[in-house]
Amino acid sequence: MSGHSKWATIKRRKAAVDAKRSNVFAKLTRAIETAAREGGGDPASNMTLASTIEKAKQFSVPNDNIDRAIRRGTGEDSGGTRYVEVTYEGYAPGGVALLVETLTDNRNRTGQDVRYAISRGGGNPGEPGATAWMFSRKGLVEVEKASVPGEDELVEIVLEAGGEDLRDSESTWEITTSAASYRAVRGALEQAGIPIASAEITMVPQTVVHLDGAAARQCLALVGSLEELDDVQAVYANFDISEELMAEVG
């Protein structure tokens with residue numbers, strides 16, 4: 001189970017982002033602008049842009065903000081800042097692998113901020129390649145167990161649409177797909193009338209580290225501090241922590 005996924009789900013349920021909505025809006029529009037600049041402004045042919053727009057809508061980013069970000073990225077509107085993608089790696093307490101994706105216009109500032117946050121949180125910054133090999137870019141869809149008619153039916157829908165895996169994640173089913181089959185699987189679930197709790201293209205760990213107690217709290221605090229940095233777009237971690245403890249800490 002991806003720690004990033006479960007942690008994000010808890011935060012959505014508790015609406016923990018509300019107090020920082022302007023910060024979230026800025027990060028998402030920055031990501032949309034960059035995706036449009038690199039792959040074009042048509043979501044139908046730019047999977048990264050489509051996924052980022054979906055995420056922005058989950059956080060209620062206004063359509064006007066999304067449209068302006070796309071126009072800045074494609075050059076239709078002037079004034080956009082050119083950001084570059086930089087990924088940082090490291091370890092959180094308990095040997096948890098970290099992968100930190102950023103969009104920045106100042107590599108030195110962002111690198112210092114990320115490394116400081118990791119060290120201050122009890123972790124260790126890593127060299128390029130230290131942890132990236134532990135993660136794969138995948139589609140990740142979660143559905144509430146209570147909304148699924150039956151496991152066998154869900155398995156059939158997922159496999160026929162090209163899904164790769166179905167995992168029991170306490171109160172939800174976690175469906176993993178390739179990045180290419182993500183839309184097909186999500187569409188098949190929607191067509192079957194199964195409500196989707198969350199869906200995104202993300203980085204899924206190959207193995208997980210089970211944490212509880214103080215180590216779990218320390219790890220979650222470190223991930224939270226990284227997510228608060230303005231230049232950080234996403235933090236991926238391979239921890240596995242119970243929903244009960246996540247909700248308590250969250």
Could you list, in sequence order, the residues of the range 189-220 that are modelled with pLDDT under 90 and small (Gly, Ala, Ser)? ALA197, SER198, ALA199, GLY213, ALA214, ALA215, ALA216
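Given the criteria assigned to a strand (DSSP E or B) and surrounded by fewer than 15 Cβ atoms within 10 Å (Cβ to Cβ), does ASP152 qualify? Full working, then the answer.
Working: assigned to a strand (DSSP E or B): no; surrounded by fewer than 15 Cβ atoms within 10 Å (Cβ to Cβ): yes.
So ASP152 fails the test.
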Of the criteria (1) at pLDDT 85 or above; (2) outside the structural domain of VAL235 (by TED's automatic domain parsing); (3) surrounded by 13 or more Cβ atoms within 10 Å (Cβ to Cβ), which one GLY111 fails: (2)
Condition first: on the phi < 0 side of the Ramachandran plot and not in a helix (DSSP H, G or I). Now tell me which residues in the range 44-71 satisfy that. ALA44, SER45, ASN46, PHE59, VAL61, PRO62
Quick check: anything in the range 179-192 within 24 Å of ASP240 (Cβ to Cβ), outside any helix (DSSP H, G or I) and touching a residue at least 40 places away in the same chain (Cβ under 8 Å)? yes
For the range 10-42: of the residues being assigned to a loop (DSSP other than H, G, I, E, B) and at pLDDT below 90, which is surrounded by the fewest Cβ atoms within 10 Å (Cβ to Cβ)? ALA15
Considering only the range 155-185, state which residues are exposed (fewer than 15 other Cβ atoms within 10 Å of the Cβ) and polar (S, T, N, Q). SER171
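The values are calculated or read from the model by the stated rules, or taken from the named source; none is laboratory data. The shown structure was predicted, so the numbers you read here are calculated from the model rather than taken from an experiment. All Cβ positions, even for glycine, are placed from backbone atoms using ideal geometry, and neighbour counts span all protein chains on display.
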